[in-house]
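Step one of this worksheet: look at the structure below.
Read-outs throughout are calculated quantities, based only on the coordinates presented, and are distinct from any laboratory measurement. Model, not experiment: these values are computed from the prediction. Cβ placement follows ideal geometry from the backbone for every residue including glycine, while neighbour counts extend to all protein chains displayed.
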Amino acid sequence: MYGYTGKMLRVNLTDRTTAVIDTEAYRQWGGGHGIGSAIFFDLVKDKTISGIDPANVMTIMTSPLTGTLAFGAGARIELQAIGLQAYPLPWFTRSSVGGRFGAMLKFAGWDGVVIEGAADKPVWVDIRDDKVWIRDCAELSLWGTDTMQCQQAIWTYVAGASCYGDWITPLPSSSSRTTQRPAVLAIGPAGERLVRISSIIHDSGNASGQGGFGAVWGSKNLKAISVIGTGDIAVADPKALFEARQWAIENFTFPLDAIDAMKSMWATLPSNLRSFPVPLIFWKKPPQSRPQACFGCQAGCRCRYDDAIGNDSSCKESGFYQFYNLRHVAANAVGNVIASLDAAGKKGTPVLDELYDRMLPTTQRQAADMVQRYGINAGELEKGIPYLRDLNKMGVMGPGKEINTDLPFHKLGQIEFVERLVEIIINREGIGEDIAEGFTRAAGRWGRLEEDLKTGLLNCSYWGLPMHYDPRVSLEWGYGTILSDRDINEHCFNPLYMIPMITSFMGTGQPLPAEAFARLYTDRMVPFQDDPRMVDFSDDNMYSESVARLVAWHRRYTRFWKHSALFCDLQYPDFFNWAAQGYHGITGEGEPKFFNAVTGAEMSFAEGIELGRKIWNLDNAIWSLQGRHRDMVKFPDYIHDTPSPWWGTFYCPAYTNGAWEYVPIGKRSLDREKFEQFKTIYYQLEGWDTTTGWPMRSTLESLGLGYVADELERNGKLGKDVERVS
Amino acid sequence: MSLHSEKNFLSPSTRVTRRDFLKWSGIVVIGVGASGFAAKAHAGSPACQGYLLVDTKKCQGCMTCMLACSLAHEGRQNLSLSRIQVLQNPFEKYPHDIMQIQCRQCIVPACVLSCPTGALHIDHDYGNVRRVEESLCNGCGKCIAACPHTPGRTVWNVAAGIAQKCDLCLNTPHWNETGGPDGKKACVAMCPMEAITFTTQIPEQTEAGYRTNLRGKSWAIMGYPTDESSNAHSVVQ
């Protein structure tokens with residue numbers, strides 16, 4: 001079996017046993033999310049259980065491409081289980097982690113790990129090639145450690161008498177050797193204390209943040225999973241894999257020495273094959289640093305530093321604490337000036353350099369390390385801290401106030417504030433007891449939820465989760481999220497409005513006419529490729545069948561190619577690519593080229609999309625069994641009643657008055673009634689019951705999911721079959 | 001446990017000592033005079049006509065070189081079979097967080113000298129590359145023990161029961177390129193950071209290994225350090 005190792009590890013923590021699941025039994029699902037959903041469906045008989053129920057099953061899945069040279073697909077793993085974070089119901093949900101855990105798991109001979117049950121006391125799982133131990137945490141005093149301490153203790157334990165920096169033999173009974181440290185997934189104190197916004201951390205900067213999976217592990221008394229492997233991943237056609245990678249490099253990326261400021265910016269936009277190791281960080285990079293990449297990636301998106309503070313953290317972790325201190329804002333501004341001058345080849349900025357050095361903010365990097373080490377979801381804090389600040393300014397929160405707390409608001413922007421906030425959360429102390437439940441539930445405990453979701457003071461725009469991209473503007477993001485289980489965090493269509501916005505702002509002119517730009521996307525969006533208005537985000541098209549097709553395609557593409565084959569979100573789909581001929585990115589051709597070279601399959605891009613539809617339907621069936629109904633699929637009031645603040649800042653291609661043009665979008669809200677009509681259109685398109693949103697038998701059976709329809713029917717959750725609208 | 005307390009990552013005890021380095025690594029040994037063993041060996045050991053150079057400070061830790069090496073030679077992805085190794089500690093300070101190591105094709109090749117069957121030999125037909133004739137290897141492991149560097153540059157193939165080492169891609173049946181001293185090397189070709197290069201000149205050596213700096217203008221534009229005068233210290237290659 002090429003790409004796959006052929007077996008998955010099943011760990012029952014309750015009775016401390018392990019077993020093997022044959023990958024072949026689930027290979028039809030492709031990998032990653034597809035296999036995870038299928039196993040979850042089979043093993044969890046009652047889908048209405050809580051995330052902390054021992055019967056909850058977590059799957060940690062690789063893809064056949066994990067651990068290979070497949071471009072931008074060698075690193076990620078997919079975690080799935082019933083979560084704890086979403087509101088009002090914590091859905092069966094997912095999260096993804098990069099780094100090297102997935103590759104190491106496959107080198108150990110496992111395509112995935114399935115965790116079920118709960119241990120009677122804290123344990124960790126020690127995987128060394130095909131040998132597995134479930135060990136008590138007590139021996140290494142792991143319970144209570146932060147994620148860094150935990151990983152370091154495990155590294156030392158696994159090395160035994162060996163030492164890193166040399167070859168080690170993980171199994172004394174074997175002569176297999178490696179120079180690598182074990183790859184460890186670990187929870188911090190937040191997960192141990194069942195904090196709903198807790199993460200699972202790997203190495204220094206890889207986090208499974210969404211879903212509250214840290215607490216799912218905490219409820220199972222599972223502190224860590226460590227894996228070290230010395231084995232193989234078989235590749236069907238090694239020469240084809242080499243050639244595919246070389247083809248991708250030559251045709252879809254800029255050479256390293258071609259870098260300039262513009263290319264650097266374009267080639268590091270989300271959903272664009274990365275050419276340069278320019279990090280995705282929201283602090284000025286200290287000069288003594290290097291880029292750092294996930295396994296097999298051609299251009300890392302994070303950094304390591306000569307003080308090791310903030311190593312490998314990027315994106316949300318790097319940015320959640322950046323706007324509270326003028327000194328930091330000023331330092332970042334100076335840093336950006338220096339970087340611009342550097343990029344222009346202008347040297348000799350000693351005054352600026354000295355100024356920057358004096359202002360150099362380490363607070364953001366320290367804050368990033370705090371959330372990584374204690375295992376807290378930075379995305380919640382990004383929107384939660386402003387909420388606390390606003391409540392404090394309103395006189396509602398503070399010492400002796402209606403919501404009493406000793407949080408040092410006068411130190412907001414300094415590390416002391418974050419330290420205290422983290423401390424009260426993980427100790428569930430004072431309002432930390434409330435925040436540990438997530439900011440939406442905290443607002444409920446404070447009697448403020450309804451009001452603050454009316455005004456938007458609590459900026460949680462879908463399923464009680466912090467707003468990421470605004471659903472009033474980024475339709476695919478907002479609709480996709482409310483029709484699924486979590487902030488989708490899929491940047492697939494960001495360039496659609498980012499590129500016109502940036503070029504418009506710079507006055508450089510658009511690279512393509514609006515219609516050509518739109519079709520560059522939609523021509524590959526099978527099976528809806530004849531409808532360019534899928535990417536028309538203008539006011540007149542917000543609730544159309546075209547946008548329903550966009551959402552459907554997006555859900556299908558990501559469910560297979562991104563969540564199951566595990567192509568990196570930052571790089572795929574690559575529709576518009578500045579380095580490519582005619583801006584025609586790799587998507588459509590690249591994904592199956594790599595998949596087939598590794599697996600020996602002959603899967604087309606369209607077949608991957610169709611498999612994504614099957615996985616998406618299975619997920620919706622699981623949510624239906626959990627209790628989802630169309631009536632729950634609603635945005636909070638402020639999304640309908642308050643215009644977004646983005647007027648004039650977003651541009652996108654639009655078809656207006658019989659012609660395509662670039663138009664500004666932004667300052668608008670969602671119409672309740674029209675969104676309800678949109679839901680009906682969408683459910684019809686998917687073959688789901690328009691009254692309930694539940695899948696219909698005919699739809700499921702057409703996908704080979706008759707057994708899923710049976711379970712829905714047994715539970716009274718099967719949609720009523722009606723003739724589908726084409 | 002403190003942030004950087006772990007003493008066994010790149011700690012002095014695991015590095016090649018200056019004495020070890022001078023004893024085994026190359027041209028310096030010729031000048032200073034070495035043990036009889038080494039001197040004798042040198043007399044019959046023509047220098048290799050090609051060397052891999054790695055700039056550890058430019059490595060991003062993606063392991064692409066390791067994947068390329070094992071895939072080109074073995075048709076499989078296997079870190080343990082890669083003849084070039086990248087070691088890293090994500091909690092360490094730059095530049096001590098990553099160590100990229102390659103076979104140095106030593107002037108006095110201890111691995112060759114230790115081999116009792118002639119499997120590990122100097123290939124005079126291909127630029128004097130120090131390489132393993134796998135059909136002759138009896139799996140005794142003496143070459144692995146003999147390598148003076150830490151970690152050793154000779155790879156142990158458990159499944160085949162033989163030793164393997166960098167052959168400058170002479171034998172890469174799973175890659176459509178011609179390797180060897182005059183050809184392409186998979187790790188060089190696939191490294192996305194261009195942190196590995198190849199030279200036909202005997203490299204300048206320091207205790208940190210073969211000296212090289214591949215961090216050019218593009219590195220500076222991205223704001224990464226390019227010079228050796230920083231507080232970033234070289235590590236053993």
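Which order results if B:122, A:376 are arranged by neighbouring Cβ count within 10 Å, fewest first? Working shown, then result.
Working: B:122 18, A:376 32.
By the 10 Å Cβ count, ascending: B:122, A:376.
Classify segment A:413-458 as rounded, prolate or oblate from the Cα gyration tensor: take a ≥ b ≥ c as the square roots of its eigenvalues, call it rounded if a/c is under 1.5, otherwise prolate when a/b beats b/c and oblate if not. Before the final figure, lay out the partial values.
Working: a/c = 3.60, a/b = 1.67, b/c = 2.15.
It comes out oblate by the Cα gyration axes.
Other chains' Cβ within 10 Å of B:64-73 residues: what's the mean? Write out the running numbers ahead of the final one.
Numbers: counts 8, 0, 4, 12, 5, 0, 5, 9, 3, 1.
For peptide B:64-73, the averaged partner shielding equals 5.
With point charges of +1 on the Cβ of Lys and Arg and -1 on the Cβ of Asp and Glu, referenced to the Cα centre of the protein assembly as shown, which listed residue (A:163, A:595, A:222) lies farthest in the positive direction of the dipole?
Of the options given, the answer is A:163.
Going by average Cβ density within 10 Å per residue, which order do the peptides B:64-76, A:605-617, B:166-178 take, highest to lowest?
Values: B:64-76: 26.0, A:605-617: 21.8, B:166-178: 19.8.
The packing order, highest mean first, is B:64-76, A:605-617, B:166-178.
Kindly give Rg over Rh for chain A, based on alpha-carbon atoms, with the Kirkwood expression for the hydrodynamic radius. If you can, show how the numbers build up before the last one.
Numbers: Rg = 24.6 Å, Rh = 26.1 Å.
That ratio equals 0.94.
Can you sort A:242, A:675 by how many other beta carbons sit within 10 Å, fewest first? Working shown, then result.
Numbers: A:242 24, A:675 20.
Exposure proxy ranking, most exposed first: A:675, A:242.
Under 15 Å from the Cβ of residue A:19, count the other residues' Cβ atoms, weight Lys and Arg +1, Asp and Glu -1, and hand me the total. Intermediate values should be presented prior to the final figure.
Numbers: positive: A:7, A:10, A:16, A:131; negative: A:15, A:22, A:42, A:111, A:116, A:130.
Net charge around residue A:19: -2.
With a cut-off of 8 Å between alpha carbons and a minimum separation of six or more residues, what is the relative contact order of segment A:239-455 in percent?
Numbers: 258 pairs, mean separation 28.0, N = 217.
For segment A:239-455, the relative contact order is 13 percent.
Separation of segment A:217-261 and segment A:657-726 by C-alpha centroid, Å?
36 Å
Report the net charge of residues surrounding residue A:132, where surrounding means a beta-carbon distance below 11 angstrom and charges are Lys +1, Arg +1, Asp -1, Glu -1.
Numbers: positive: A:10, A:16, A:128, A:131, A:135; negative: A:126, A:129, A:130.
Result for the local shell: +2.
For residue B:200 paired with residue B:136, estimate the spin-label separation in nm (one decimal), with each label point 7 Å from Cα along the Cα-to-Cβ line.
My value for the distance between the label points is 2.6 nm.
Which aspartates and glutamates, on any chain, are close to residue A:674 with Cα under 15 Å apart, when same-chain ones fewer than 8 places away are left out?
Straight-line reach from residue A:674, under 15 Å: A:539, A:540, A:545, A:631, A:637, A:641.
Counting each DSSP H run of 4 or more residues in the protein assembly as shown as -39500 (n - 2.57), what helix-only mean residue ellipticity at 222 nm follows after dividing by all residues, to the nearest 500 deg cm²/dmol?
Details: 34 runs with 317 residues, N = 963.
The helix-only estimate for the protein assembly as shown comes to -9500 deg cm²/dmol at 222 nm.
Taking the beta-carbon count within 10 Å as an exposure proxy, list A:672, A:274 from fewest neighbours to most. Each step should come with its number before you reach the end.
Working: A:672 14, A:274 25.
The order, fewest Cβ neighbours first, is A:672, A:274.
Between residue A:502 and residue A:446, what's the calculated FRET efficiency when r is the beta-carbon distance and R0 is 41 Å? Round to 0.05. Write out the running numbers ahead of the final one.
Working: r = 40 Å, r/R0 = 0.98.
So, using R0 = 41 Å, E works out to roughly 0.55.
How would you classify segment A:157-261 from its alpha-carbon gyration tensor, with a ≥ b ≥ c the square roots of the eigenvalues: rounded for a/c under 1.5, else prolate if a/b is greater than b/c, otherwise oblate? Intermediate values should be presented prior to the final figure.
Numbers: a/c = 2.31, a/b = 1.30, b/c = 1.77.
Here segment A:157-261 falls in the oblate category.
Work out the length of the dipole vector of the protein assembly as shown about its Cα centre, built from +1 on the beta-carbon of each Lys and Arg and -1 on the beta-carbon of each Asp and Glu, and round it to the nearest 20 debye.
Details: 95 positive and 103 negative charges, 392 e Å.
Here the size comes out at about 1880 debye.
Among the listed pairs A:220/A:720; A:263/A:284; A:593/A:634; A:593/B:165, which are separated by more than 29 Å between their Cα atoms? Intermediate values should be presented prior to the final figure.
On the way: A:220/A:720 38 Å; A:263/A:284 19 Å; A:593/A:634 39 Å; A:593/B:165 31 Å.
Beyond 29 Å between Cα atoms: A:220/A:720; A:593/A:634; A:593/B:165.
If we sort A:109-115, A:677-683, A:47-53 on the protection proxy, mean other Cβ atoms within 10 Å, highest first, what's the order?
Numbers: A:109-115: 25.3, A:677-683: 19.6, A:47-53: 16.7.
Going from most to least packed, we get A:109-115, A:677-683, A:47-53.
Within straight cross-link reach of residue A:401, meaning Cα distance under 29 Å, which lysines are found once same-chain residues fewer than 8 apart are removed?
A:383, A:393, A:411, A:454
Per residue of A:260-270, count partner chain C-beta atoms within 10 Å of its C-beta, then hand back the mean as an integer. Display every interim value, and only then the final one.
Values: counts 2, 1, 0, 1, 3, 0, 0, 0, 0, 0, 0.
Taking all residues of A:260-270 together, the mean is 1.
Cα-Cα over 23 Å: which of A:614/A:679; A:106/B:142; A:47/A:106? Each step should come with its number before you reach the end.
Values: A:614/A:679 20 Å; A:106/B:142 30 Å; A:47/A:106 29 Å.
With Cα atoms farther than 23 Å apart: A:106/B:142; A:47/A:106.
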